[in-house]
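Reading through the C-alpha cells given below for one structure.
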Amino acid sequence: MCWACDHPGASHRAYLDHLRRVINRHRWAVQYVGGGRGHAPYAYTVGLTGAGLPELVVTGLRAQAATTMLNDAGQAMLGDGPPAPGTTIALGGERHVEVVRLPRPESHLAVARDLYGDEVRALQLVWADDRGRLPWHPVFRSNRGGQPVLGPRALAAS
C-alpha cells in the first residue's frame, strides 16, 4: 500500500513531513508514480538533493524493480559521486544503465521540488533490456508501457 492509501484524508504537507522523516533516517526516499493510459510508470529519489547530489529517475519498471535500481544507484552515488551523462554503469550484477540528464526535472519530480525547490537536478537511469540493448537500439525489447527517455542522450566523455 502507498502512504496516501494508508492515511486517507491526510494533507500533502503531512506526506512531506513523512518523507522528511524517511530521508532523515535513510538519506532518501523513493517516490513511485504508477502508469496508466499511454503513460509508463516511473520512480524517482527524493532526498539526494539534500546531500548535494542529483535525484535519480527510472521509467518503465514496476515499483519493486525501480526501487531496487534507485537504491543501488543512490548508494553508489553517495560513495562515488554522480556519474556523468552518457556513462554506462553496472547495477545489481548483470544489469547496466546509461545515464541521461533531465533538462527539466520539475516536469517529473514534483515531490522533490516541493521539498527542495529549484535546487533539484536529476539524472535518469536508462536500463538495458534482457539482451543488453538500450531503448535507442532498433530491436530493444521493452516491457508493457515502454521506457520513455526524459532527456537527450549524451555521448560519454573519452
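What follows is calculated from the coordinates using simple rules that are stated; it is not laboratory data. Note that this is a predicted model, so its numbers are computed, not measured. Note that we place each Cβ from the backbone using ideal geometry, even for glycine, and neighbour counts take in every protein chain shown.
Take the alpha-carbon centre of segment 97-158, take the same for segment 34-70, and report the distance between them in whole Å.
9
Hey, what number do you get for the chain at 222 nm if only DSSP H runs of n ≥ 4 count, each worth -39500 (n - 2.57), divided across all residues, to the nearest 500?
Counting only the DSSP helices, I get -8500 deg cm²/dmol.
Treat each spin label as a single point 7 Å out from the Cα along the C-beta direction, and report the PHE140 to ALA4 distance in nm.
Label at PHE140, label at ALA4, 2.8 nm between them.
How far is helix 12-26 tilted, in degrees, relative to the longest principal axis of the Cα atoms in the chain, given as a value from 0 to 90 rounded to the nearest 10?
60
Relative to the longest principal axis of the C-alpha atoms of the chain, give the angle of the C-alpha long axis of helix 63-80, reported between 0 and 90° and rounded to the nearest 10°.
Long axis of 63-80 versus the principal axis of the chain: about 80 degrees.
Between ASP17 and ARG131, take the C-beta separation as r, use R0 = 30 Å, and let me know the FRET efficiency to the nearest 0.05.
0.10
Pull up the DSSP beta bridges for the chain and report the antiparallel fraction as a percent, rounded to 5.
Percentage antiparallel, nearest 5: 85.
Between the DSSP loop rule and a limit of at most 11 other Cβ atoms within 10 Å, which trypsin sites (Lys or Arg not before Pro) in segment 76-158 are left?
For trypsin sites (Lys or Arg not before Pro) across segment 76-158 that sit outside H, G, I, E and B with at most 11 neighbouring Cβ atoms in 10 Å, the list reads ARG131, ARG141, ARG144.
What nm distance separates the two modelled labels at THR88 and ALA110, each placed 7 Å from Cα along Cα→Cβ?
About 3.6 nm, to one decimal.
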